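The values are calculated or read from the model by the stated rules, or taken from the named source; none is laboratory data. Note that the structure is a prediction, hence the values are computed from the model and not measured. Virtual Cβ from ideal backbone geometry, glycine too; neighbours counted across all protein chains shown. Side chains are part of the model used for accessible areas, which takes the heavy atoms of the whole protein and leaves out ligands, DNA and RNA. Shrake-Rupley method; radii C 1.70, N 1.55, O 1.52, S 1.80 Å.
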Amino acid sequence: MWKEPSSALAGPAALAGPATQPQPAVVATVEPGSIAEELGFQPGDRLRSINGVRPRDLIDVQVLQGEEELVLEVEDPDGTLHVVELEKDLDEGLGLGFSEALFDGLRQCNNHCPFCFIDQQPPGRRGSLYLKDDDYRLSFLYGSYLTLTNLTPADWSRIEEQRLSPLFVSVHATDPELRSRLLVNPRAGLLLEQLAWFAERRLQIHAQVVVCPGLNDGEALERTLNDLARFATGPWPAVLSTAVVPVGLTRFRPYGDALRPVDPTTALEVIARVERLQRIFQGSIGSRFAWLSDEWFLIAGQPLPPRASYEDLPQQENGVGSIRAFLEELEGATQDLPSRIATGRRCSWVVGRLVAEALQPVVERLNQVEGLELLLNGLPSPYWGQDQVVTGLLTGSDLIEGLAGRDLGEELLLPRVMLREGEEVFLDDTTLADLRLRLPVPVRLLGGADDLVAACLGTPRGGA
């Protein structure tokens, strides 16, 4: 599963690659009542150093500000330099938020995976869409996946010294030859040695396997999951969980890549194999350990597993149990629905076509409220060339094309997951403002289940 690096994470410096020296950390927010507010920090100020050390990223800031005595070098927006000395409680934070997480540039990927989603995009879009994030720091901070193939000895030392754990690792295969072939990188074959390194130091990872039919499914997938499970035992397991997700292919992928999409037959085969292994792992590890993303069941036309089977949802952000968790949230949010609403409401809710059927019971429950009519629109993605698509991959052009001529009621309810993190921009560069101009009804952004119910009932929750 691909997540676009946000400018709030990588920052503009990422476009030029890692800098020789860290750039000053630009202050974006100052927490009310914090030390930073008392010192007079304002957005736009630049933190140059803490106790003489230039922080490379948010991790360094967190570590450096943990001392009782600090000397801060700060630069005003006009270039004026200040040196601020202070004493505080040990581990008390300064209360500063920064415009980006990395101050020395983004570590990009050095692999050439044929299934890479970044390479399956059209040319000419904004630069951040083509950034191949493979940065262990963003993995630690935000849960993005990396491959471990671009780490230097200094990086490995830092991971150990600062206890940067857990990390999130794209495995795809544990067989050295197969992983090297999948990633088109001989260093990819070192994975099992790297997992042993984590185990020896009591550091941990969450793993991901993107299944490409005919390449790393079948017996290769079984070997991969069994190899990973060997590192999941004992009081301090090195591998905490594994997500199994289907490869995503778009119409922009390179010609002749020999990849094929997951079809219902393949999905059923993978489900059967992984569920059999889950029963084995439950007995040997005490956990199902490996989980299938929701797409497998939707593609296969099978019901989603019950909530309890996902345990504590360790891979929810990777689409594993996310729909089941959302349905659970909706169950709670719709427990006390009124029998009727005073002012009638007709609104529409847009989602990816792949998930529409699973969400239909929610629509039916809400439509039992007298005076409410919720219209569900499950759309394909002509932009990506995918008929069955998850909600987060719908683009602005998909919405404009797919909703044209449809009855949208008096308001369109739009999940925020379609927008780039921290911005009102879709994956195809269409802005939310553009979409609003093209649609005949207002658009209301939704966060979670409570937002959906509030929007349907006409109460003031969620984004406008």
| What percentage of all Cα-Cα pairs in segment 20-96 are separated by more than 13 Å? | 64 percent
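With each run of n ≥ 4 DSSP H residues scored as -39500 (n - 2.57), what mean residue ellipticity at 222 nm is computed for the chain after dividing by its residue count and rounding to the nearest 500 deg cm²/dmol?
Calculated at 222 nm, the ellipticity per residue is -8500 deg cm²/dmol.
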| query | If you take all C-alpha pairs in the chain, what percent of them are over 35 Å apart? | reply | 39 percent
| field | Cβ-based charge dipole, the chain, positive-most Cα from 84, 422, 266 | value | 266
| note | Computed for the chain: size of charge dipole around the Cα centre, +1 on C-beta of each Lys and Arg, -1 on C-beta of each Asp and Glu, debye to nearest 20, value 1620 debye
| query | Over the chain, what percent of the accessible surface lies on carbon and sulfur atoms, probe 1.4 Å? | reply | 51 percent
| field | Furthest towards positive pole of dipole, 143, 437, 389, structure part the chain, Cβ charges | value | 389
| Put 250, 152 in order of accessible area, largest first, 1.4 Å probe: what do you get? | 152, 250
| Give me the log10 of I(q) over I(0) for segment 270-391 at q = 0.17 Å⁻¹, as the Debye formula computes it from C-alpha points; what are the numbers? | -0.94
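Measuring with a 1.4 Å probe in the full set of protein chains, what accessible area per residue, in whole Å², belongs to the chain?
For the chain, the per-residue accessible area is 44 Å².
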| said: Taking amide H atoms as placed 1.01 Å from N in the peptide plane, list the residues 5 or more away in sequence, or in a different chain, whose amide H sits under 5 Å from that of residue 334. | reply: none
| What area, in nm² and to one decimal, does the C-alpha convex hull of segment 21-166 cast on average over all directions? | 10.7 nm²
| task | State which helices in the chain qualify, where a helix is a whole DSSP H run, it must extend 15 Å or more along its own axis by its Cα atoms, and its mean Kyte-Doolittle hydropathy must be at least 1.6. | result | none
| How large is the charge dipole for segment 250-376, taken about the Cα centre, if only the Cβ atoms of Lys, Arg (+1) and Asp, Glu (-1) carry charge, to the nearest 20 debye? | 280 debye
| message | As a test of reading the structure, rank 353, 420, 137, 107 by solvent-accessible area (1.4 Å probe, protein chains only), most first. | response | 353, 107, 420, 137
